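As structure tokens, the structure follows; a few thoughts come after it.
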Amino acid sequence: MDAAAVVRDVLLLVVAYLAGSIPVGVIVARISGGPDPRTIGSGRTGGTNALRALGRKWAALVVIGDLLKGALPVLLARVATGGDAPVEVACALAAVFGSSRSVFLRFAGGRGVATGVGTMLVIQPWAVILAAPIFIGVILITRYVSLGSLLGSVAMVAIVTLWWLAANGAVPIIYPIYAAIGCVLIWLAHADNIDRLLHGTERKFDLSLLGGGGPPGSA
């Protein structure tokens, strides 16, 4: 690899981390005039907490932003490198790391789930499409968003691995490796949720929040 390619790849990684670090939940809260999502619920900045703090409409914007800050850096890496899978995966990991350890939030943030899903929308969108019913179904049945995220991430690993196996060498092995690493990161980010799930003290998701456009208590 020549020096120009090294500089390019380093810049792509920096851009990916900074993109992932963008605190979409905090920015949307300020735009909407609603409470900072870090002050309620889990204290995280992702879509679930934004839904609790800001309501359905603004939470949807947070989710879209979190997806984009994962998808766009990977797409940029794909275009800039001509499809260098290891660089794509490195940028995906940088974006997810930035989402949960944002330089703009003193290295705090969300759990990186939506950003990770955004990266996978570029790498293998079918993995997202096929894992989505598991994620949604688990939440609807158990009302635990954390459990949906945990099981959805496992499903995504299985789907990407099957895709790699079926491709018979046509798909870089780095993709299922990334799916597995991403799953581990999601489980580590949910360590506190896992502990509460095991002890029966996990917060249940209020499905009624999906029925209104504004935050709880709004007119």
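A few comments on the model shown:
- Residue match in segment 81-97 (condition: closer than 22 Å to Ser42 by Cβ and surrounded by 21 or more Cβ atoms within 10 Å (Cβ to Cβ)): yes
- For segment 10-59, the set of residues classified as assigned to a helix (DSSP H, G or I), over 30 Å from Thr81 (Cβ atoms) and open to solvent by 30 Å² or more (accessible area, probe 1.4 Å) consists of Arg30, Ile31, Ser32, Arg38, Thr39, Thr48, Arg52, Arg56, Lys57, Trp58, listed by residue number.
- The residues of segment 100-122 that are buried (at least 24 other Cβ atoms within 10 Å of the Cβ), part of a helix (DSSP H, G or I) and out of contact with any Lys or Arg (no Cβ under 7 Å at 6 or more places or on another chain), listed by number, are Val113, Ala114, Gly116, Val117, Thr119, Met120.
- Given (1) touching a residue at least 12 places away in the same chain (Cβ under 8 Å); (2) farther than 19 Å from Ser42 by Cα; (3) in a helix (DSSP H, G or I), index of the condition Ile194 fails: (2)
- Verdict on Ile129 being under 16 Å from the mean Cα position of the chain (by Cα), exposed (fewer than 13 other Cβ atoms within 10 Å of the Cβ) and at pLDDT 95 or above: yes
- Matching residues in segment 188-205 - criterion: being open to solvent by 50 Å² or more (accessible area, probe 1.4 Å) and β-branched (Val, Ile, Thr): Thr201
- Test: residue in segment 10-30 that is among the hydroxyl-bearing types (Ser, Thr, Tyr), farther than 13 Å from Val122 by Cβ and at pLDDT 95 or above: yes
- Pick from segment 172-187, criterion free of Cβ contacts under 8 Å to residues at least 60 places away in the same chain and within 11 Å of Gly112 (Cα to Cα), ranking: surrounded by the most Cβ atoms within 10 Å (Cβ to Cβ): Cys183
- If you go through segment 71-80 and keep only what is open to solvent by less than 70 Å² (accessible area, probe 1.4 Å) and either free of Cβ contacts under 8 Å to residues at least 12 places away in the same chain or over 11 Å from the mean Cα position of the chain (by Cα) (or both), you end up with Pro73, Val74, Ala77, Ala80.
The values are calculated or read from the model by the stated rules, or taken from the named source; none is laboratory data. Nothing here was measured: the structure is a model prediction, and the numbers come from that model. Heads up, the Cβs are rebuilt from the backbone with ideal geometry, glycines too, and the neighbour counts pull from every protein chain shown. What goes into the accessible areas is simple: the full protein's heavy atoms, side chains included, and nothing from ligands, DNA or RNA. Shrake-Rupley method; radii C 1.70, N 1.55, O 1.52, S 1.80 Å.
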